[in-house]
1. Looking only at region 37-53, decide whether some residue is farther than 30 Å from D133 by Cα and modelled with pLDDT under 95.
2. Would you check which residues across region 25-63 are under 11 Å from the mean Cα position of the chain (by Cα), small (G, A, S) and within 11 Å of ligand 2 (Cβ to nearest atom) and list them?
3. When you go through P90, P120 one by one, which is the residue that is at pLDDT below 95, under 17 Å from A51 (Cβ atoms) and surrounded by 11 or more Cβ atoms within 10 Å (Cβ to Cβ)?
4. List the helices (runs of 4 or more DSSP H) that sit entirely inside region 1-115 and contain at least 1 residues that are polar (S, T, N, Q), near ligand 1 (Cβ under 9 Å from one of its atoms) and touching a strand residue (DSSP E or B) at 6+ places or on another chain (Cβ under 9 Å).
5. Would you mention how many residues in region 16-28 are surrounded by 15 or more Cβ atoms within 10 Å (Cβ to Cβ) and under 15 Å from K62 (Cα atoms)?
6. Name the residue that is nearest to G74 (Cα to Cα), counting only residues in region 1-13 that are in contact with an Asp or Glu (Cβ under 7 Å, 6 or more places away or on another chain) and of a type outside the set (K, R).
7. Please give the number of the condition W126 fails out of (1) modelled with pLDDT of 80 or more; (2) part of a loop (DSSP other than H, G, I, E, B).
8. Quick check on this structure: which one of T2, T55 is surrounded by fewer than 18 Cβ atoms within 10 Å (Cβ to Cβ) and more than 13 Å from W126 (Cα to Cα)?
Amino acid sequence: MTTARLLGSLDIPGTSVAPSLARDYLREILDPAQHAVDDAVLCVSELVTNAVTHTASGRGGKVHVSVAEYADGGVLVEVADDGADTEPVPVRLAEEMSSHGRGLFLVEQIAAAWSHRRGPSGTITWFVVRPPDRRRETAVASGVDAGAMG
Ligand SMILES: Nc1ncnc2c1ncn2[C@@H]1O[C@H](COP(=O)(O)OP(=O)(O)OP(=O)(O)O)[C@@H](O)[C@H]1O
Ligand SMILES: [Mg+2]
């Protein structure tokens, strides 16, 4: 089984600044040359926002974010919250026109995989993003005009 190597982890107070602290943390520890930083930042922002909005983390609790990488540059991010009566489930067709319920749908579209499991104090919601597309690098290395790649 492929294991991910831990790059770092962070405890954040479950306040309104938590999503932005999580975004900053990922930008600090991930490398755009190796990791799909923007995808990971977008997904972590949705998951931390959910932890603060929908769980006890947002009522005086905290959010724990951990970041790990696979050998191929894939990134695994786990967001542990303080628990709720609900579960992280994307909103489906019937509620499609709703003004909320888009966060997990977005994560589902962007991440290579995502899910959730029970954690020590609540729920751990996680996702994996694939490494960035290396076509351009490969083209430059082999002498192809990168501008022609669009
Ligand atoms: N960490 C979590 N623990 C428990 N329930 C969750 C968690 N995250 C999400 N949920 C539940 O899943 C639902 C869908 O989450 P999603 O992020 O897709 O939408 P939303 O947060 O309601 O709205 P939006 O993200 O568009 O502002 C939430 O309304 C909530 O009921
Ligand atoms: Mg949400």
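The values are calculated or read from the model by the stated rules, or taken from the named source; none is laboratory data. As the structure is a prediction and not an experimental result, all values here were calculated from the model. For neighbour counting, all protein chains shown are included, and Cβ atoms are generated from backbone atoms with ideal geometry for every residue, glycine included.
1. No: region 37-53 contains no residue that is farther than 30 Å from D133 by Cα and modelled with pLDDT under 95.
2. Residue satisfying the conditions is S45 alone.
3. Values: P120 fails: surrounded by 11 or more Cβ atoms within 10 Å (Cβ to Cβ).
Of P90, P120, the one residue that is at pLDDT below 95, under 17 Å from A51 (Cβ atoms) and surrounded by 11 or more Cβ atoms within 10 Å (Cβ to Cβ) is P90.
4. Numbers: elements: 18-29, 37-54, 103-110.
Result: 37-54.
5. Number satisfying all stated conditions: 4.
6. Filtering region 1-13 for residues that are in contact with an Asp or Glu (Cβ under 7 Å, 6 or more places away or on another chain) and of a type outside the set (K, R), the one nearest to G74 (Cα to Cα) comes out as A4.
7. Every listed condition holds for W126 apart from (2).
8. Numbers: T55 fails: surrounded by fewer than 18 Cβ atoms within 10 Å (Cβ to Cβ).
Testing whether each residue is surrounded by fewer than 18 Cβ atoms within 10 Å (Cβ to Cβ) and more than 13 Å from W126 (Cα to Cα) leaves just T2.
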